[in-house]
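**Student:** Below is one structure. I have some questions about it.
The values are calculated or read from the model by the stated rules, or taken from the named source; none is laboratory data. Note that the structure is a prediction, hence the values are computed from the model and not measured. In this analysis, Cβ positions are derived from the backbone assuming ideal geometry, glycine residues included, and neighbour counts consider all displayed protein chains.
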Amino acid sequence: MNEQSPTAAHYFQSMEAALDGLQRFLSMDTEVNRASRIMGPYVERLATSFACWRNRLGFMEQFRISRAESGFPVFQNLLELENDRKTAPERLSAIPAADLLREEMADFILRQKSFPSDLQARMAERLYLEEIGKGQLFSPFILPETVNVDVNTKTRRPAYGVRWATFDGSQMLPIIYALVTEDSSPKIADILVTKDGTLNEDVEIQLPVGGLLNPELAKPFDAFAEKNSAYGLSPLTIARNLDRDFADLHPKRLQRAILGPFYSAGITENNARVNDIISKVRKPENAWVLTWTVQEVFSKNEKPAKSGWFSSTPAEEEFHINTDDLEATRQGVSLYEKHALVPHDAYQALYAEGEADNIFAGYKVHVISGHNIVSQV
């Protein structure tokens, strides 16, 4: 793809519309998207990354997406973006200011009677490097942060709400995690929990906190999250690994949001029938479908720790898997939801072809119509 190609313009236009629509949906205070709201800050990061990639095409032609699978950029693009972020200040210092570049472009046009392609590329590079510094990007791995602290009055343990994200390089999919875990570390309990078993309000906690709130476990937890966030690991496996690797952490609920696949008419090839139908939509910014899946596994019981003369066993969580649902069993989850966000024009095209029911079977469908989003179509 390059900036001048209709394909690139179409892709970025449709992806921008999709992420904008998703952000609006996630901001709605409704029951249907409560679990999906874990995606909010990371969707914003993703939108910033796409804005950067679009500017980058002004001076670098190479940009590849996973056309046949996820519809998202390939992993190499994230690595290049991360590398450019680190070198941006140094590179910016070597590029003239934007106002000076504009003057040079105007002077070139007047004198040469042609378009200043080289100067335009320099301007695009400057805008790109400036954009990188404006907001947080969706990196290959986004470190955990504690966003909520509470106390389980029964166990008298502090409970943390922790979130992090990754971009899976094998599936080319953004994945977001949200964890609720109790902490039985004696030192932490003495600080955070009062004698009445409530959160100590005298302890000021400026949320969000980078990493796990427990400083002794923060770095090991970061390493664990980076190692155990791949798409190929089920939520059940990740929760069990966490329960096994940290004696003082007791995972009670793990949510995972997998963003994608993304379908864009004339660009992606991940569903020929969907792409064929939405290609008939007149406006490119409305010729797309964005899907995501929210998975959850929760603990139904905690086996208490046992101590003996010759051996001891730590506390162990028993996670609920819905064995009545074959798909939930396959995914290794207690429950899951599949969502689809669709512009009204694209939904009408699919409906008119009699394909809407088949394509969206098992999905909660959210249709964008102007500034409104109608759910549960």
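**Student:** Go through the residues of the range 184-195 one by one and say whether even a single one is assigned to a loop (DSSP other than H, G, I, E, B) and modelled with pLDDT under 90. Give the steps one after another, and end with the answer.
**Tutor:** Keep residues of the range 184-195 that are assigned to a loop (DSSP other than H, G, I, E, B), which gives 184-185, 194-195.
If we keep only those that are modelled with pLDDT under 90 too, we end up with 194-195.
Within the range 184-195, one or more residues are assigned to a loop (DSSP other than H, G, I, E, B) and modelled with pLDDT under 90.
**Student:** Only one of (1) in contact with a Phe, Trp or Tyr (Cβ under 6 Å, 6 or more places away or on another chain); (2) part of a loop (DSSP other than H, G, I, E, B); (3) not hydroxyl-bearing (Ser, Thr, Tyr) is not met by Leu259, so which one is it?
**Tutor:** It is condition (2) that Leu259 fails.
**Student:** Among the residues of the range 177-197, how many are in contact with a Lys or Arg (Cβ under 7 Å, 6 or more places away or on another chain), more than 15 Å from His250 (Cβ to Cβ) and of a type in the set (A, V, I, L, M)?
**Tutor:** 1
Residue-wise test of (1) free of Cβ contacts under 8 Å to residues at least 40 places away in the same chain; (2) among the aromatic types (Phe, Trp, Tyr); (3) closer than 22 Å to Ala257 by Cβ; (4) not assigned by TED's automatic domain parsing to the domain that holds Tyr42.
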| position | (1), (2), (3), (4) |
| --- | --- |
| Ser170 | no, no, yes, yes |
| Ser184 | no, no, no, yes |
| Lys195 | yes, no, no, yes |
| Asp202 | yes, no, no, yes |
| Leu207 | no, no, yes, yes |
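**Student:** Filter the range 215-233 down to the residues that are over 18 Å from Val180 (Cα atoms) and surrounded by 14 or more Cβ atoms within 10 Å (Cβ to Cβ) and list them by number.
**Tutor:** The answer is Ala230, Tyr231, Leu233.
**Student:** Looking at the structure I just gave you, is Val162 surrounded by 14 or more Cβ atoms within 10 Å (Cβ to Cβ), free of Cβ contacts under 8 Å to residues at least 60 places away in the same chain and either among the small types (Gly, Ala, Ser) or not in a helix (DSSP H, G or I) (or both)?
**Tutor:** On the way: surrounded by 14 or more Cβ atoms within 10 Å (Cβ to Cβ): yes; free of Cβ contacts under 8 Å to residues at least 60 places away in the same chain: yes; either among the small types (Gly, Ala, Ser) or not in a helix (DSSP H, G or I) (or both): yes.
Judged against the criteria, Val162 is a match.
**Student:** Pairs only if they're at least six apart or on different chains, beta carbon under 7 angstrom, first in the range 333-358 and under 30 Å from Leu233 (Cβ atoms), second of a type in the set (Phe, Trp, Tyr); list them, first residue then second.
**Tutor:** From residues that are under 30 Å from Leu233 (Cβ atoms), the pairs are Ser334/Phe298; Lys338/Tyr363; His339/Trp292; His339/Tyr363; Ala340/Phe360; Ala340/Tyr363; Leu341/Phe25.
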